[in-house]
Amino acid sequence: MHEQRTDVDANIDATAATDVEADVVVVGGGSAGIAAAVSASEEGARTLLLESSGSVGGTLAWQLLEHSAGFHDVRGNQVVGGFGQRLVDRLVRGGGSPGHVRDDVGYTATRTPVDHAELALTESIMLAEAGVEVWLQSGPHAIHRAGDVIEFLAVHTPNGPRRVRAPVIIDASGDAVVASLAGVPMQPDTADTQPASLLFKLGGVDVGALLDYLREHPSEVRPGSTLGYGTDEHANVWGLGELLSAGYTSGKLGLRRTELHLAAWPQRGEVVVNATRTPVRSGDGWAGAAHAQLSHQVLQFVRWMREDVPGFAHCHLTAVGDRVGIRESRRVVGVYTMTGDDVRCGARFDDSIGCGAFPIDIHSADRPGLSHTDAVGAGFEIPARILFVPACANLVVAGRCLSSTHEANGSLRITATCFVTGEAAGVAAALAVEHGIHPEKGDYDLLRQRLLARDAIVSLNGGS
Ligand SMILES: Cc1cc2nc3c(=O)[nH]c(=O)nc-3n(C[C@H](O)[C@H](O)[C@H](O)COP(=O)(O)OP(=O)(O)OC[C@H]3O[C@@H](n4cnc5c(N)ncnc54)[C@H](O)[C@@H]3O)c2cc1C
């Protein structure tokens, strides 16, 4: 199979596209993009969101994540407010989340289980309420630049090609798709890029029988787990090392693992399983080979669980992540690059736009354990400068593709923190439009004031 490289401008000129204008264009309707689009629109900018799949929600909704994480530091102090908290409050009111519950494996202070479908539907409604125009099944395939400014995006839509012009573009695509098309320099690839996974959901599970087994076999769960806490609502289990080892030795499992992660809704008899792994390189997530390999692993795990794991005898596969779940791919080189030391040492910044506190969570494609983590104590501040790109003056980046090293990204990529960087990107974009300047030239104090007015937590002491 050959890939033919086409000249970007020639590609644009070849399509008779209709011109469309907005104040702010957001590419990617995941956690960061939704927060960005809602915030930009609420701050007065005419906002267009482009999402390549058929629904908003991104990885949190459609990779069926166990829970949104990162709202509190290890001591239980809240570090994320603003859009993320608004979304959680709304889900709680509608019954789509129990809210923040204690992390029963002691990994962080809290975790926030969500019903995936209710999350995505609620986010879609919030975008409409904020007045955001959303184009589904649409995304940029080429970019026209004039110097260091993106003039327009060439966008494919189900109704044909469009040229989309806006003074500010937000890349919240996870994979830094816009930045990559624009030729923005990227952080160097590391040998230990985090692996991809495919999460899956099983129904018909007798969660009580599973928990009984685990209580009788405490060595099957991580030390420090408070098994049984809140099990009416949601149970979080890391372990099953002994059963996994037996499954591998017997040949039922081709992938050697010493633990897996189960997130269970006991009353519904549903469990989300995080166990599969495959290596990927930056921007590789679309490759079908990785999907086929992960699919093989999913089906092996399902059969093994039916045969060997207490409570799963009559389970059935109810859902699978809608695409290869990418933990780490392209990350831009921004005005500042956040490092592992910034995260570990609780760095503070004059231009802080929010906080994070999730451990540096690094998974490995070839080690059998689930992940390696570095605790981060009281949390850290996030500087506005990691959202801005020197190579492209009207581009703002949010979510997991922002300017960070491999280590720092192990914490920044978590969904509560993506809500933070998305909201800050949206407000920064709206301010830039309001003042007729490029986002990085904006007044960071004003940005922080606007974020505070939106109930965001912009610094570790909670204030300005
Ligand atoms: C297997 C796995 C398990 C995880 N577990 C957890 C967990 O338990 N808790 C947690 O908080 N975090 C977890 N994470 C991390 C977290 O899910 C992600 O880092 C986070 O969701 C990234 O958010 P985002 O908005 O940057 O990107 P995404 O949520 O991935 O959104 C990007 C969006 O952009 C769209 N898009 C991509 N390209 C284009 C294009 N060209 N045009 C238009 N749209 C485009 C995509 O369709 C997608 O909707 C996990 C990640 C993985 C992969």
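The values are calculated or read from the model by the stated rules, or taken from the named source; none is laboratory data. As the structure is a prediction and not an experimental result, all values here were calculated from the model. Cβ sites come from the backbone with ideal geometry, for glycine too, and all protein chains shown count toward neighbours. Ligands, DNA and RNA are excluded from the accessible area calculation, which covers all protein heavy atoms including side chains. Shrake-Rupley method; radii C 1.70, N 1.55, O 1.52, S 1.80 Å.
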Which of the residues belonging to the range 322-347 are surrounded by 24 or more Cβ atoms within 10 Å (Cβ to Cβ), more than 16 Å from the ligand (Cβ to nearest atom) and either in a loop (DSSP other than H, G, I, E, B) or not assigned by TED's automatic domain parsing to the domain that holds Ser180 (or both)?
none
With respect to the numbered conditions (1) free of Cβ contacts under 8 Å to residues at least 60 places away in the same chain; (2) touching a strand residue (DSSP E or B) at 6+ places or on another chain (Cβ under 9 Å); (3) of a type outside the set (S, T, N, Q), which one is the sole condition not fulfilled by Arg367?
(2)
One residue is enough: does the range 309-318 have a residue meeting the conditions at pLDDT 95 or above, within 12 Å of the ligand (Cβ to nearest atom) and surrounded by 16 or more Cβ atoms within 10 Å (Cβ to Cβ)?
no
Any chance Arg413 is within 16 Å of the ligand (Cβ to nearest atom), in the same structural domain as Val335 (by TED's automatic domain parsing) and basic (Lys, Arg):
yes
Checking Arg256 against (1) away from the ligand (no atom under 16 Å from the Cβ); (2) in a helix (DSSP H, G or I); (3) more than 18 Å from Val205 (Cα to Cα); (4) open to solvent by 60 Å² or more (accessible area, probe 1.4 Å), the condition it does not meet:
(2)
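Residue-by-condition table, conditions (1) within 6 Å of the ligand (Cβ to nearest atom); (2) of a type in the set (Lys, Arg); (3) part of a loop (DSSP other than H, G, I, E, B):
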| position | (1), (2), (3) |
| --- | --- |
| Val26 | no, no, no |
| Ala32 | yes, no, no |
| Ala37 | no, no, no |
| Ala40 | no, no, no |
| Gly44 | no, no, yes |
| Leu48 | no, no, no |
| Val56 | no, no, yes |
| Thr59 | yes, no, no |
| Leu65 | yes, no, yes |
Could you tell me which numbered condition Asp350 fails, if it satisfies all but one of (1) surrounded by fewer than 17 Cβ atoms within 10 Å (Cβ to Cβ); (2) closer than 21 Å to Ala172 by Cα?
(2)
Which of the residues that make up the range 89-138 are more than 14 Å from the ligand (Cβ to nearest atom), under 19 Å from the mean Cα position of the chain (by Cα) and over 26 Å from Gly28 (Cβ atoms)?
Gly99
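Let's see how each residue does on (1) among the basic types (Lys, Arg); (2) farther than 25 Å from Ile169 by Cβ; (3) within 11 Å of the chain's Cα centre (by Cα):
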residue: Gly379; (1), (2), (3): no, yes, no
residue: Gly399; (1), (2), (3): no, no, yes
residue: Ser403; (1), (2), (3): no, no, no
residue: Thr415; (1), (2), (3): no, no, yes
residue: Cys418; (1), (2), (3): no, no, yes
residue: Glu423; (1), (2), (3): no, no, no
